[in-house]
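Novice: I have a structure here, written as structure tokens, and I will follow up with some questions on it.
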Amino acid sequence: MLIAWLGIIHVGATGGHWAVTEWFLHWTMRSSVRTAALGIKKPSGFESAKHLKVTAVHFQMSCAECHGSPDRRRSPEMLAMLPPPPDLRDTVGNWKDEELFVIVRDGLRYTGMPAWPGAGRDGEVWAMVAFLKELQMMSPARYKELSGAKDTESGDTLSGCLACHEQGIEGNDPIAPVIAGQSNAYLAEALRAYRKGSRESGFMEVVVSRLKDADIDATAGDFARKDGLLSSTPRARSGDERTLSLVKTGDPVKKIAACQACHDGRNPLYPLLSGQSRTFLIEQILLFKQDLRGDSPTAQLMSRAVRHLTVEDVARLADYYASQPLARDDRINAETAPRWRF
């Protein structure tokens, strides 16, 4: 305590560590990660490249500065850190998938590596692990194509959003929702919830933290006015009797609310579900069931509404809404729609 109080122990990064200290710290870190990874089960098919778009954009915005990328070397400032962040293309192969999951989810103490911003979003973390595995052999051209490097760094908010939320159902990443044509009120509220932290997502929290109120309002308005995904094609009446019952009337016996009670386009604070990907819909319903979607009034309401859905019910509803085209008559002007209070 006296030596520490005197301040004679140099804590500057310029001196580095003794070789034995550096070895011991690295050995301790690897042992800790190995133990934390015990019992973690890798989800089947997590390596699928269908998630590379969103994860590449996140890596470009949040990780490339420290770890470099196929299109970008680590800066001298990053290399002067203690310890310096590794070039992941050289080191990812030294870790098991489950160990990478632990590092991305929990971060590494005393290294500057942060924990994943969205608590409980294990699906996002596994998506990042899949991207890191692909990063090892990724060409600069492929990385630029996926990450939209110029758009995400240009300061153009709309272009940055389009890097993930492309305006076409076929082109949209399955884990990124279709937001064109949603109401201005819903989009602005969602963005502010991400910024506040009352709605969690490691991907979105990082992006929205950089936006001012004016940016949020402008972005919400731009996407609300986009009609690229809207179609006048009559809606197909697909789904079995159980599915249609859940959509129209719910299940009063099991205390399951009808989907159309909120998501029929009349209330601007609720999103339209038609045309969203099956992957996205299933993930969101399960997050609500587990109370991991946030603590806003609408999130609490949804958690109660879906709490008693079975796994089969979740799959039914996801299949149903994913198969429905987003029709023009679904969207009702927020100014004329009734205002609900919570």
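Novice: Go through the residues of the range 47-57 one by one and say whether even a single one is under 19 Å from LYS144 (Cβ atoms), assigned to a loop (DSSP other than H, G, I, E, B) and at pLDDT 90 or above.
Specialist: no
Novice: Let me ask something else about it. As an exercise: evaluate HIS263 against (1) in contact with a Leu (Cβ under 6 Å, 6 or more places away or on another chain); (2) surrounded by 19 or more Cβ atoms within 10 Å (Cβ to Cβ); (3) assigned to a loop (DSSP other than H, G, I, E, B) and give the number of the one condition it does not meet.
Specialist: (2)
Novice: Let me ask something additional. More than 14 Å from MET128 (Cα to Cα) and either more than 24 Å from the chain's Cα centre (by Cα) or open to solvent by less than 90 Å² (accessible area, probe 1.4 Å) (or both), is that true of GLY107? Spell out the reasoning first.
Specialist: On the way: more than 14 Å from MET128 (Cα to Cα): no; either more than 24 Å from the chain's Cα centre (by Cα) or open to solvent by less than 90 Å² (accessible area, probe 1.4 Å) (or both): yes.
No, not satisfied.
Novice: Do you know which of the residues in the range 276-301 that are modelled with pLDDT of 85 or more and in a loop (DSSP other than H, G, I, E, B) is surrounded by the fewest Cβ atoms within 10 Å (Cβ to Cβ)?
Specialist: Only one residue fits best here, namely GLN290.
Novice: Identify, please: which residue in the range 9-28 is among the β-branched types (Val, Ile, Thr) and modelled with pLDDT of 90 or more and is, among those, surrounded by the fewest Cβ atoms within 10 Å (Cβ to Cβ)?
Specialist: Start the filter on the range 9-28 by keeping residues that are among the β-branched types (Val, Ile, Thr), which leaves 9, 11, 14, 20-21, 28.
Narrowing further to those that are modelled with pLDDT of 90 or more: 20-21, 28.
Numbers: VAL20: 8, THR21: 10, THR28: 10.
Checking each candidate, the answer is VAL20.
Novice: I've got another one for you. Could you tell me whether SER31 is over 22 Å from SER209 (Cα atoms), hydroxyl-bearing (Ser, Thr, Tyr) and open to solvent by less than 20 Å² (accessible area, probe 1.4 Å)?
Specialist: Values: over 22 Å from SER209 (Cα atoms): yes; hydroxyl-bearing (Ser, Thr, Tyr): yes; open to solvent by less than 20 Å² (accessible area, probe 1.4 Å): no.
No.
Novice: Here are the criteria: (1) more than 24 Å from the chain's Cα centre (by Cα); (2) open to solvent by less than 40 Å² (accessible area, probe 1.4 Å); (3) at pLDDT 75 or above; (4) of a type outside the set (S, T, N, Q). Tell me which single one VAL306 does not satisfy.
Specialist: (1)
The values are calculated or read from the model by the stated rules, or taken from the named source; none is laboratory data. Just so it is clear, the structure is predicted and the values come from calculations on it, not from any experiment. Reconstructed Cβ throughout: ideal geometry from the backbone, glycine too, with neighbour counts over all protein chains shown. All accessible areas refer to the heavy atoms of the entire protein, side chains included, with ligands and DNA or RNA removed. Shrake-Rupley method; radii C 1.70, N 1.55, O 1.52, S 1.80 Å.
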